[in-house]
Amino acid sequence: MKAAMPSPASQHLIDRPPYYLRTKDEVQQFEAAYRAHLPVMLKGPTGCGKTRFVAFMAHRLGRPLITVSCHEDLFASDLLGRFLLKDDETVWVDGPLTTAVRTGAICYLDEIVEARKDTTVVIHPLTDDRRQLSIDKKGEIIPAHPDFMMVISFNPGYQSILKDLKQSTRQRFISLDFNYPDETRETEIVAHEGGVEPAVAARLVALATRIRRIREQGLTEGASTRLLIYAALLMRGGIDPIQACRSAICQPLTDDERLQETMEELIRDFF
């Protein structure tokens, strides 16, 4: 049995700084947490910039970033690693979490509540003063690299009792709350990322603001900044603004015909 070489940290470095506009003091808080070896939990609605923020901070700190998109079929072995047969030999291959622990990367578990409960338990020893990872299959305990950092995210507004984050996990992290940017910042983001004029971006943001106000009528999620950028990109590509908003904002948000009709009216008001 052999152990495969861990992935070099350099392959997870972010070459160019991602575009990100600060909203509060989240940059300073994240940097303070990094220096103090504290794990960070990002809370906020879908598409509000949590993932972009982590990438921005990884580049700012000069650390590799290893991202795992969590889902209900994510097993502990998907994070830790597994034995594989290679050239007639059994070889251990590190998973993304183990690679991050060994190389001092930032490990980002996106939408952690989607993962199996028994899977998230493996991060507990990494998120207290032990800062170590246990791999039972190898009988190995790995001390975390001094630069290793654990970051998780979830959307507290879109969960059920079955998909909540347990207190035993929550209380291991400091929490940074995210929301949609104010209209001025969001307009700047949509104009920059969508490649449209500020006036067009402003109308998209105003539309999103109105849509976010109808959540009490049954809309599960508001229009995210990400969807506004998608609509802007379609417009930039020559798609009619009404159709672009319908395809990028209205239809992804719901299949409910009544809600779609309401949003269609809002779209026509703005475009």
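The values are calculated or read from the model by the stated rules, or taken from the named source; none is laboratory data. Nothing here was measured: the structure is a model prediction, and the numbers come from that model. Cβ sites come from the backbone with ideal geometry, for glycine too, and all protein chains shown count toward neighbours.
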Query raised in the report: Quick one: what pairs do we get from segment 16-33, first residue in the same structural domain as ILE189 (by TED's automatic domain parsing), second in a helix (DSSP H, G or I) and loosely packed, with under 15 Cβ neighbours inside 10 Å, C-beta under 8 Å, 6+ apart or different chains?
Result: none
Query raised in the report: Filter segment 29-40 for residues that are under 20 Å from PRO181 (Cβ atoms) and not polar (S, T, N, Q); which is farthest from the chain's Cα centre (by Cα)?
Result: PHE30
Query raised in the report: Considering GLY218, GLY222, GLY237, GLY194, which residue is exposed (fewer than 15 other Cβ atoms within 10 Å of the Cβ) and either touching a Lys or Arg at 6+ places or on another chain (Cβ under 9 Å) or within 26 Å of ARG22 (Cα to Cα) (or both)?
Result: GLY218
Query raised in the report: Of the residues that sit in segment 21-44 and are at pLDDT 95 or above and part of a loop (DSSP other than H, G, I, E, B), which one is surrounded by the fewest Cβ atoms within 10 Å (Cβ to Cβ)?
Result: ALA36
Query raised in the report: From the list ARG60, ARG16, which one is at pLDDT below 95 and among the charged types (D, E, K, R)?
Result: ARG16
Report summary line: In segment 109-134, residues that are surrounded by 21 or more Cβ atoms within 10 Å (Cβ to Cβ) and in a strand (DSSP E or B) total 2
Report summary line: Picked from segment 67-103 (must be within 17 Å of LEU133 (Cα to Cα) and among the basic types (Lys, Arg)), the residue farthest from the chain's Cα centre (by Cα) is ARG82
Query raised in the report: Could you say whether any residue in segment 67-88 is in contact with a Leu (Cβ under 8 Å, 6 or more places away or on another chain), over 17 Å from ILE112 (Cβ atoms) and not assigned by TED's automatic domain parsing to the domain that holds HIS192?
Result: no
Report task. Could you check SER175 against (1) surrounded by 15 or more Cβ atoms within 10 Å (Cβ to Cβ); (2) small (Gly, Ala, Ser); (3) touching a strand residue (DSSP E or B) at 6+ places or on another chain (Cβ under 8 Å); (4) touching a residue at least 40 places away in the same chain (Cβ under 8 Å) and say which number it fails? Result -> (1)
Query raised in the report: Just to be sure, is ILE66 within 18 Å of ASP147 (Cβ to Cβ), crowded, with 19+ Cβ neighbours inside 10 Å and in contact with a Lys or Arg (Cβ under 8 Å, 6 or more places away or on another chain)?
Result: no
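This table checks each residue for (1) touching a residue at least 40 places away in the same chain (Cβ under 8 Å); (2) assigned to a loop (DSSP other than H, G, I, E, B).
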position: THR220; (1), (2): yes, yes
position: ILE229; (1), (2): yes, no
position: ALA232; (1), (2): yes, no
position: ARG246; (1), (2): no, no
position: CYS250; (1), (2): no, no
Query - Counted residues, segment 167-179 - those being of a type in the set (Ser, Thr, Tyr) and either within 14 Å of PHE154 (Cα to Cα) or not assigned by TED's automatic domain parsing to the domain that holds ALA33 (or both) - result: 2
